Amino acid sequence: MDTAGGTVRRSRATRRWIVAAVCLAAGSLALAACGSSSSGSSGGSTSGKVGVSLILKTLSNPYFVSMEKDAKTEAAKDNVNLTVAAGKEDGDTQTQISAIDNAISRGDKGILITENGNAVNTELAKARQAGLYVIALDTVPTPPSTVDITYGTDNEAAGKLIGQYAAAKLNGGKAVIAMLDLFNNQVVSVDIQRDHGFLEGMGISPGSTSLNGKEAKTGKYTGGKGDYVIACHQPTTGAIPGGKTAMENCLSANPNINVVYTINEPAADGAHQALQAAGKNKVMIVTIDGSCNYVNGLLKDGTIAADSAQYPGKMASIGVKTLASIARGGARVFLPAGKDFINTGTALITANPVPGIDSQTPEKAASACWGS
């Protein structure tokens with residue numbers, strides 16, 4: 001497959017060289033005509049289509065399906081030729097690396113990417129060196145300078161919202177906490193930020209700026225208001241089966257768990273299934289995402305106690321619009337001073353609000369939810 005791809009690229013390069021030579025020989029008028037003809041390719045110009053690649057973590061999660069949907073809608077409005085690629089599963093960096101290489105070869109003007117991990121960084125650097133404007137969506141890469149800008153949720157703030165809610169709901173009662181993270185074998189910023197944000201919202205120091213699981217395993221939460229125990233840290237890969245297995249493992253370690261933090265809603269769903277099977281019906285589950293499926297389901301009926309909403313479709317549509325504008329000569333976008341991303345917003349959702357914590361009802365949140 002690599003050999004065939006190389007042959008195709010060499011053939012294209014030969015054709016471009018021949019066209020350029022003919023244009024130069026024919027003079028400036030013909031040169032202008034050739035330039036006009038090439039503007040209709042995926043690379044784009046002020047009048048033709050602009051080539052953009054949307055490279056997602058996976059299309060098995062409605063979160064990223066929502067990105068694809070809204071990106072395509074915006075691409076149609078902005079005369080953008082959008083190519084979509086995605087990893088086979090969360091953590092699949094090789095497929096994303098291939099998609100970045102394809103975007104460079106195709107002559108795209110920009111890339112929108114939700115990184116599966118730092119392994120893609122070298123290829124993104126190649127894309128920027130080739131002149132592509134690179135925008136990360138949802139997750140700030142490590143380091144943030146890997147891309148030109150990031151549009152995303154303030155994941156740490158989202159985590160803090162559900163941590164503050166959990167602490168207020170406990171009202172000084174003992175917290176036996178299960179931490180259901182994304183991975184335990186690789187570092188991804190969204191995983192760290194949400195985990196740490198939840199702990200900070202609970203008034204617990206994460207114990208590290210870059211790793212999960214470094215907090216003190218026992219102590220006081222919310223300024224000494226109540227005692228806590230961290231029962232476990234388990235990976236879920238952000239999926240229902242992973243959440244179920246992780247919760248089962250946590251219950252084996254400590255059957256007295258009464259608070260469950262999860263990286264996202266599918267992990268929360270899996271945790272709920274494990275808790276049901278174990279006859280645990282009074283455990284507080286808090287999570288992050290805000291999809292229509294869960295806002296109108298497990299969140300509305302109180303199974304998930306609280307959720308921090310984010311807006312993936314908004315991230316993707318703004319990203320497409322930004323790349324289309326820059327490709328046609330518009331001003332480049334820069335980060336706010338002191339920030340490594342442009343915040344697209346978050347809000348706490350719960351069917352059971354507590355005094356002093358701002359929140360939306362599931363009914364109100366449904367007007368801005370995503371997926372189905």
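The values are calculated or read from the model by the stated rules, or taken from the named source; none is laboratory data. Here the structure is a predicted model, which is why all the values come from computation and not from measurement. Glycine gets a Cβ as well: all are built from the backbone with ideal geometry, and neighbour counts include every protein chain shown. Heads up: the accessible areas ignore ligands, DNA and RNA and are worked out on the full protein's heavy atoms, side chains in. Shrake-Rupley method; radii C 1.70, N 1.55, O 1.52, S 1.80 Å.
Checking Asp195 against (1) in contact with a strand residue (DSSP E or B) (Cβ under 8 Å, 6 or more places away or on another chain); (2) at pLDDT below 95, only one condition comes out false. Which one? Result: Asp195 passes all but (2). When the stretch 195-214 is filtered for residues that are charged (D, E, K, R), closer than 19 Å to Thr153 by Cβ and open to solvent by 10 Å² or more (accessible area, probe 1.4 Å), only Glu200 remains.
Within the stretch 225-234, does at least one residue satisfy the condition of being modelled with pLDDT of 95 or more, in a loop (DSSP other than H, G, I, E, B), closer than 21 Å to Ile304 by Cβ and not basic (Lys, Arg)? Looking for residues that are modelled with pLDDT of 95 or more, in a loop (DSSP other than H, G, I, E, B), closer than 21 Å to Ile304 by Cβ and not basic (Lys, Arg), one finds none in the stretch 225-234, hence no.
Here's the yes/no breakdown for (1) over 13 Å from the mean Cα position of the chain (by Cα); (2) of a type in the set (A, V, I, L, M); (3) within 21 Å of Gly371 (Cβ to Cβ):
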position: Gly51; (1), (2), (3): yes, no, no
position: Leu54; (1), (2), (3): no, yes, yes
position: Val65; (1), (2), (3): no, yes, yes
position: Lys72; (1), (2), (3): yes, no, yes
position: Ala86; (1), (2), (3): no, yes, yes
position: Gln94; (1), (2), (3): yes, no, no
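Given the options Thr303, Thr322, name the one that is part of a loop (DSSP other than H, G, I, E, B) and hydroxyl-bearing (Ser, Thr, Tyr). Working first, answer last.
Working: Thr322 fails: part of a loop (DSSP other than H, G, I, E, B).
The match here is Thr303.
Among the residues of the stretch 241-252, those that are within 18 Å of Leu182 (Cβ to Cβ) and open to solvent by 60 Å² or more (accessible area, probe 1.4 Å) comprise Pro241, Lys244, Thr245, Glu248, Asn249. Against the condition under 13 Å from the mean Cα position of the chain (by Cα) and farther than 17 Å from Asn343 by Cα, how does Glu115 come out, does it pass? For Glu115, the condition - under 13 Å from the mean Cα position of the chain (by Cα) and farther than 17 Å from Asn343 by Cα - is met.
Of everything listed in (1) modelled with pLDDT of 95 or more; (2) farther than 17 Å from Leu132 by Cβ; (3) open to solvent by 30 Å² or more (accessible area, probe 1.4 Å), the single unmet condition for Lys339 is (1).
Applying the condition of being out of contact with any strand residue (DSSP E or B) (no Cβ under 8 Å at 6 or more places or on another chain) and among the small types (Gly, Ala, Ser) to the stretch 104-120 and asking which residue is least open to solvent (accessible area, probe 1.4 Å) yields Gly117. Comparison of Asp92, Asp101 shows that the only residue that is modelled with pLDDT of 95 or more, surrounded by fewer than 21 Cβ atoms within 10 Å (Cβ to Cβ), over 30 Å from Val283 (Cβ atoms) and out of contact with any strand residue (DSSP E or B) (no Cβ under 9 Å at 6 or more places or on another chain) is Asp101. Note on the stretch 272-300: residues that are surrounded by fewer than 17 Cβ atoms within 10 Å (Cβ to Cβ), out of contact with any helix residue (DSSP H, G or I) (no Cβ under 7 Å at 6 or more places or on another chain) and not in a loop (DSSP other than H, G, I, E, B) total 2. Of the candidates Ala316, Ala351, the single residue that is at negative phi and either among the β-branched types (Val, Ile, Thr) or not in a helix (DSSP H, G or I) (or both) is Ala351. Within the stretch 40-56, the set of residues being crowded, with 19+ Cβ neighbours inside 10 Å and either modelled with pLDDT of 95 or more or among the β-branched types (Val, Ile, Thr) (or both) comprises Val50, Gly51, Val52, Ser53, Leu54, Ile55, Leu56. Scanning the stretch 127-171 for residues that are open to solvent by 30 Å² or more (accessible area, probe 1.4 Å), among the small types (Gly, Ala, Ser) and not in a helix (DSSP H, G or I) gives Ala130, Gly131.
Pairing each residue of the stretch 215-235 that is within 15 Å of Leu170 (Cβ to Cβ) and open to solvent by less than 20 Å² (accessible area, probe 1.4 Å) with any residue that is of a type in the set (S, T, N, Q) and part of a strand (DSSP E or B), provided the two are 6+ apart or on different chains, yields C-beta distances under 8 Å for Tyr228/Thr218; Ile230/Thr218. Residues in the stretch 320-331 include none that are within 18 Å of the chain's Cα centre (by Cα), within 18 Å of Ala166 (Cβ to Cβ) and buried (at least 21 other Cβ atoms within 10 Å of the Cβ). Does the stretch 179-191 contain any residue that is under 15 Å from Thr262 (Cβ atoms), assigned to a loop (DSSP other than H, G, I, E, B) and open to solvent by 50 Å² or more (accessible area, probe 1.4 Å)? Yes. Does at least one position in the stretch 253-271 carry a residue that is open to solvent by 10 Å² or more (accessible area, probe 1.4 Å), at pLDDT 95 or above and outside any loop (DSSP other than H, G, I, E, B)? There is at least one residue in the stretch 253-271 that is open to solvent by 10 Å² or more (accessible area, probe 1.4 Å), at pLDDT 95 or above and outside any loop (DSSP other than H, G, I, E, B).
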